[in-house]
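Laboratory data are not the source of any read-out in this text; all were calculated from the coordinates shown. Please read these numbers as outputs of a predicted model, since none were measured by experiment. Cβ placement follows ideal geometry from the backbone for every residue including glycine, while neighbour counts extend to all protein chains displayed.
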Amino acid sequence: MNRKLACIAITASLCAGDAVAADKLLASYPTLTTVAALQAAQAAFDRCSKQGYTVSVAVVDRGGHALALLRENLAGPHTVQTAIGKAYTAVSFRTDTLELAATTQAGKPSSGIRQLPNVVAVGGGVMIQAKGSLVGAIAVSGAPNGEADDVCAKAGAAAIRDALELE
């Protein structure tokens, strides 16, 4: 009989705890909108175009899902997936891919990261943050090297930075 009362008491306390914890079962967090993604992508695309680069630009939300993609007509077919992969990688590892490329070179302790699915550890993927939170990433593929891709991606992120901070 005492065992039955103990089970009832435990069950009651768990149920009461569930009511209190219900508010903690859902997360609320900021993420990029499609409008913001398009603005950033266009700014990066324009920066690369002014430099004479034929590129693709991708913007992903904080979960790594594509929100915007721009591809110059003559950009190589590989640039689309590469740009998406770089943006996904920047969000996934919470670091710009130019830095990740340096820290994951062959022979370094983190070199195995490059073997993970969808990881593109090449410069050109840049995190987008707002008020200290990661809200997405932008990436460029098709410029002459990762550093040039990175410059264009940073121009895209900078184009929306002030508006994001005011939200």
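For the chain, modelled as a GNM with alpha-carbon contacts under 10 angstrom, which of 28, 110, 133 fluctuates the most?
Of 28, 110, 133, the most mobile in the Gaussian network model is 28.
Place a +1 charge on the Cβ of each Lys and Arg in region 128-167 and a -1 charge on the Cβ of each Asp and Glu, then give the dipole magnitude about the Cα centre in debye, rounded to the nearest 20. Spell out each step's value before the answer.
Working: 3 positive and 6 negative charges, 14 e Å.
For region 128-167, the charge dipole is close to 60 debye.
About the Cα centre of region 34-166, how large is the charge dipole given +1 on each Lys and Arg Cβ and -1 on each Asp and Glu Cβ? Please answer in debye to the nearest 20.
On the way: 11 positive and 10 negative charges, 40 e Å.
Here the size comes out at about 180 debye.
With an 8 Å Cα cut-off and a minimum separation of 6 or more residues, compute the relative contact order for the chain in percent.
Values: 324 pairs, mean separation 41.1, N = 167.
That works out to 25 percent.
So what is Rg over Rh here for the chain, counting just Cα atoms and using Kirkwood for Rh?
Details: Rg = 21.6 Å, Rh = 17.3 Å.
A ratio of 1.25.
When the chain is treated as a GNM, springs tying every alpha-carbon pair under 10 Å, which of 81, 105, 42 comes out with the largest mean-square fluctuation?
Highest fluctuation among the options: 105.
Taking every pair of distinct Cα atoms and averaging 1/r, then inverting, what Kirkwood hydrodynamic radius in Å comes out for region 98-149? Mind dumping the intermediate values first?
Values: mean 1/r = 0.0825 Å⁻¹.
Here the Kirkwood hydrodynamic radius works out to 12.1 Å.
In what order do 154, 108 fall by count of nearby beta-carbon atoms within 10 Å, going from fewest to most? Don't skip to the answer; put the middle values down first.
On the way: 154 20, 108 12.
Neighbour counts put them in this order, fewest first: 108, 154.
Do any trypsin sites (Lys or Arg not before Pro) in region 61-142 lie in a DSSP loop with no more than 13 other beta carbon atoms within 10 Å, and if so, which? Provide the component values of the computation, followed by the final result.
Values: sites: 62, 71, 86, 94, 114, 131; in loops: 62, 94, 131.
In loop regions of region 61-142 (DSSP not H, G, I, E or B), the sparsely surrounded trypsin sites (Lys or Arg not before Pro) are 94, 131.
What residue among 36, 106, 143 shows peak mean-square fluctuation when the chain is described by a Gaussian network model with Cα springs under 10 Å?
106
Between beta-carbons, use under 15 Å as the cut-off and find the net charge around residue 55, counting Lys and Arg +1, Asp and Glu -1. It would help to have the intermediate numbers written out before the result.
On the way: positive: 47, 50, 71, 86, 154; negative: 46, 72, 147, 149, 150.
Spelling it out: positives minus negatives among the neighbours equals 0.
Please enumerate, by chain and number, the lysines with C-alpha under 24 Å from the C-alpha of residue 154, excluding those fewer than 8 residues away in the same chain.
Cα-Cα hits under 24 Å: 50, 86, 131.
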